[in-house]
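Below is one structure, written out as structure tokens; the observations come after it.
The values are calculated or read from the model by the stated rules, or taken from the named source; none is laboratory data. Values in this document were obtained by computation on a predicted structure and should not be read as measured data. Ideal geometry is used to build each Cβ from the backbone, glycine not excepted, and the neighbour counts take in all protein chains shown. SASA here: full protein model, heavy atoms, side chains in, ligands and nucleic acids out. Shrake-Rupley method; radii C 1.70, N 1.55, O 1.52, S 1.80 Å.
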Amino acid sequence: MSGAPLLEIEDLAVEFRTGGGVVRAVDGVNLTLARGETLGILGESGSGKSVTSLAIMRLVRAPRGKITRGAVRFEGRDLLTLTPAEMRQVRGGSIGMIFQDPMTSLNPVLTIGRQLVEPLELHLGMSRRAARARAAELLATVGIPEAVRRLDNYPHQFSGGMRQRVMIAIAVACEPKLLIADEPTTALDVTIQAQILELIRRLQAELGMALILITHDLGVVAGAADRLAVMYAGRVVEDGPTDAVFANPKMPYTIGLMHSIPRADDEGALSPIGGQPPDLSALPPGCAFAPRCDFARPVCRERVPEPRTVGPGHRARCLFDIDPARVGAVREGVAP
Amino acid sequence: MSEPLLQTIDLKVHFPVRRGFVLERTVGSVKAVDGVSLAIDRGETLGLVGESGSGKSTLGRAILQLVGATSGTILFDRREVTGLSGPELAAFRRRVQLVFQDPYASLNPRMTAGNIVAEPIRIYGLRENRAAIRDRVRELFGLVGLDARYVDRYPHEFSGGQQQRIGIARALACEPDLIVCDEAVSALDVSVQAQVINLLADLQQRLGLTYLFIAHGLNVVRHVSTKVAVMYLGKIVEVGDRRALFRDPQHPYTKALLSASPLPDPVAERQRRPIILRGDVPSPIDPPAGCRFHTRCPIAVPACSAAEPPLSPSGGTLAACIRAGEPVPAPDPTPTRETVL
Ligand SMILES: Nc1ncnc2c1ncn2[C@@H]1O[C@H](COP(=O)(O)OP(=O)(O)O)[C@@H](O)[C@H]1O
Ligand SMILES: Nc1ncnc2c1ncn2[C@@H]1O[C@H](COP(=O)(O)OP(=O)(O)O)[C@@H](O)[C@H]1O
Ligand SMILES: [Mg+2]
Ligand SMILES: [Mg+2]
């Protein structure tokens, strides 16, 4: 594989103007993704996962929302400098996207066929006939029975799981090099989730796509992601190989997350993170996690920690070297 | 054997499906709950799992007498509760409380958090005077980990996790025996979810509460439950001790459900071989004949569509399947790049 990354996000920042002040939804995000690689973005609601993916696609809505700095280099080109026409070629062409709720991105008044044919005509220059035949093939590929007949159906005529399959078909129609999946299974039942994750995995293997898989579910990324980026309050607070982040989390927030999930073998109380997620329009100076962190010291409240290398390809935004095993002990009242 | 606090016997809840505008007529019924027999012992937590539409909420609402049973029996503390009215119904209502999924929607936005919690105390006359009510509200705030200084704030001024605590405090204000938690932690973020799970466990210990814990997230149900029931299309397909059911599930649907849940551990997750079920859940208006799961079951045989199997002992649980306990094949996982290279 060539050395240059497929996607390189550098110091990306996005702000929204709201009645309550300026929301710094994304604040200095750096991410890289190699060809064919799967990057999991993990974080709780409001941490900036969706806004990051919308910014990659240049879908942050003006005038309230604005990309205020940074670069999004895709195959060496900074997407933030493209003209709107060039950007339309990228969207649905070399980058496909699927969302949590298919109804927000499928057009309810157009047939599935129309919505599938359109990108094929636009990006691949196919004739209507060829595009329609390809559309039926795609529907069959994503596991929709009676594909030819279903082309003439509208989105509401499909179940939730089937709609998600339709959206995946549209997203991969032009064989993108990157697929961004934002909580693709969050609204689905677990058996349907298993079907959809399996489908995404199969398509990724067949097409050699890179994948950004956004989720709040540690289970979903554990199996699927090569690397993991953990977001908190608009920043990537830890990133590294999935195994390393799970086995040896270094940022106290990641450690807290790992302790918050019920596991098969443990029976005792969970050790959740105390306190509440932060208000992005009134972030404290310094580390945004400090108010909830058992290890915080005065210096944490003074400046935002820079990412620090804590292992091979593994970085954490924390000033201190925290031993994950000690986190529970601290919470139980044992002195740090 | 301990005495069940709550028992349902062949409980059915059917919703009529009506068509037509002027001449409305009933054309069928949604068999949301279709013959459920369950018992919950005092002090235990019965976890109820199943995919959306399987009838979990309807079962919970029927137990709470928020929706009428079509047929069957509900016994609470050995007394029949279907058809109660007047003061007896009010007394029952106090003892069985509901905590919902969406805390905000269940809180009156125009009432302060303190008044929301005080309301049931007043309604049921559980404290003598205003001072005693105020003290009790403060006590309840403390019990659920809310700062008592916030009694005068409105629901929107609290975070999602705090709103859920207000909902729990309101339920506790009634001094209930049974709390039905309907997806009570499902919408919360992981870290906040863990706080609320710990709170529920702590309250159970201190107050001797009994829970019916409805959720679709299996990791959470495994953590909180003593007993687990699995529901599919209005029926309980398997029920048993939590450990036995998770260690050695007997019904193919339970097996599929457990194997489909991703594990929050990369090493274990790479070895997991999910049983991938085909298709969607069929319509509860016209459920499949015989075993309702046979249309999606990987090990179905012709006899499965002939008769509905009753719950019978298999392994360490009760399962409604003529092939209970038999292995269910899982496909080989799609090779990942690592395994290909
Ligand atoms: N259109 C918008 N206007 C104002 N604030 C927004 C808008 N979109 C997102 N935000 C804010 O940006 C932050 C990050 O949101 P998002 O990326 O959607 O979070 P996540 O996907 O991690 O749950 C949140 O605080 C959210 O309220
Ligand atoms: N008031 C109602 N009228 C008609 N159908 C209903 C009503 N409430 C629930 N249902 C139907 O009953 C079935 C079971 O629903 P529900 O109990 O909400 O399932 P779950 O909680 O397991 O998701 C579903 O098919 C649902 O559409
Ligand atoms: Mg999001
Ligand atoms: Mg429900």
> Does any residue of segment B:177-191 lose at least 40 Å² of accessible area with all protein chains in place compared with its chain alone, and if so which ones (probe 1.4 Å)?
Replying inline: B:Asp189, B:Val190, B:Ser191
> If you project the alpha carbons of chain B onto the principal axes, what extent comes out on each, in Å, largest first?
Replying inline: 67, 60, 51
>> Looking at the protein assembly as shown only, what percent of DSSP beta bridges run antiparallel? Nearest 5 please.
In response: 65
> Taking R0 as 56 Å, what's the FRET efficiency between B:Val17 and A:Arg308 from their Cβ-Cβ distance, rounded to 0.05?
Replying inline: 0.35
> Within chain B, which DSSP H helices have Cα atoms that stretch 24 Å or more along the helix axis and a mean Kyte-Doolittle hydropathy of at least 0.5?
Replying inline: B:190-207
>> Show log10 I(q)/I(0) for segment B:19-105 at q = 0.13, 0.18, 0.19, 0.23 Å⁻¹, two decimals, from a solvent-free Debye sum over equal Cα scatterers.
In response: -0.56, -0.97, -1.05, -1.33
> On the accessible surface of segment B:1-126, probed at 1.4 Å, how many percent belong to carbon and sulfur atoms?
Replying inline: 51
> Short version: ³J(HN,Hα) in whole Hz for each residue of segment B:272-277, in order, from phi by Karplus 6.51 cos²θ - 1.76 cosθ + 1.60 (θ = phi - 60°), x for Gly and Pro, what are they?
Replying inline: 5, 10, x, 7, 8, 7
> How much area per residue is accessible in chain B when the probe is 1.4 Å and only protein heavy atoms are counted (Å²)?
Replying inline: 45
> On the accessible surface of chain A, probed at 1.4 Å, how many percent belong to carbon and sulfur atoms?
Replying inline: 52
>> Give me P(r) over segment B:1-158, computed from all C-alpha to C-alpha distances, binned every 5 Å, as integer percentages.
In response: 2, 7, 13, 15, 15, 14, 14, 10, 6, 2, 1, 0
>> I'd like the distance separating the alpha-carbon centroids of segment A:172-220 and segment B:233-293, in whole Å.
In response: 21
>> Within segment B:129-253, what whole-number % of the accessible surface is contributed by carbon and sulfur, with the 1.4 Å probe and all protein chains included in the calculation?
In response: 44
> So if R0 is 25 Å, what FRET efficiency would B:Ile123 and B:Ser85 give, r being the distance between their Cβ atoms, rounded to the nearest 0.05?
Replying inline: 0.90
> How far is helix A:160-172 tilted off the main Cα axis of chain A, in degrees rounded to 10, range 0 to 90?
Replying inline: 80
>> If you wrap a convex hull around the alpha carbons of the protein assembly as shown, what volume per residue comes out, as a whole number of Å³?
In response: 191
> Can you give the accessible area per residue of chain A, in Å², using a 1.4 Å probe?
Replying inline: 41
>> Using Cα-Cα distances under 8 Å and only pairs 6 or more residues apart, what relative contact order does chain B have, in percent?
In response: 19
> Does anyone have the angle between helix A:112-124 and the longest principal axis of chain A? Alpha-carbon axes, 0 to 90°, nearest 10?
Replying inline: 90
>> For Cα pairs less than 8 Å apart in space and 6+ apart in sequence, what is the mean separation divided by the residue count of segment B:72-198, i.e. the relative contact order in percent?
In response: 37
> What residues have an amide H closer than 5 Å to that of B:Tyr232, excluding those fewer than 5 places away on the same chain, when H is modeled at 1.01 Å from N in the peptide plane?
Replying inline: B:Val237
>> Once you place label points 7 Å from the Cα toward the Cβ at A:Asp152 and B:Arg95, how far apart are they in nm?
In response: 6.0
> Near B:Cys304, within a Cβ-to-Cβ distance under 14 Å, what is the net charge of the other residues, with Lys and Arg +1 and Asp and Glu -1?
Replying inline: +2
> Rule-of-thumb check for segment A:227-324: C-alpha Rg over 2.2 N^0.38 Å?
Replying inline: 1.07
> Got the relative contact order for segment B:1-61 handy, in percent, Cα pairs under 8 Å and 6 or more residues apart?
Replying inline: 37
>> Are there any residues in segment A:241-275 with a reduction of at least 50 Å² in accessible surface when going from the isolated chain to the assembly of protein chains? Probe 1.4 Å, please list them by number.
In response: A:Asp243, A:Pro262, A:Glu267, A:Leu270, A:Pro272
> What angle, in degrees between 0 and 90 and rounded to the nearest 10, separates the Cα long axis of helix A:190-207 from the longest principal axis of the Cα atoms of chain A?
Replying inline: 70
>> Tell me the total accessible area that A and B bury against each other, 1.4 angstrom probe, in square angstrom rounded to 100.
In response: 3600
> Pick from A:Glu206, A:Glu44, A:Glu183: which residue has the top mean-square fluctuation in a GNM of chain A where Cα pairs under 10 Å get a spring?
Replying inline: A:Glu206
> List the lysines whose alpha-carbon lies under 27 Å from that of B:Lys235, not counting same-chain residues fewer than 8 positions away?
Replying inline: B:Lys12, B:Lys31, B:Lys56, B:Lys227, B:Lys255
>> Between A:Leu319, A:Leu270, A:Leu54, where does the largest GNM mean-square fluctuation fall for chain A, given springs only between Cα atoms within less than 10 Å?
In response: A:Leu270
>> If I model a spin label as a point 7 Å beyond the Cα along the Cα-Cβ vector, how far apart are those points for B:Glu139 and A:Arg17 in nm?
In response: 5.3
> Given chain B, what percent of its DSSP beta bridges are antiparallel, to the nearest 5?
Replying inline: 65
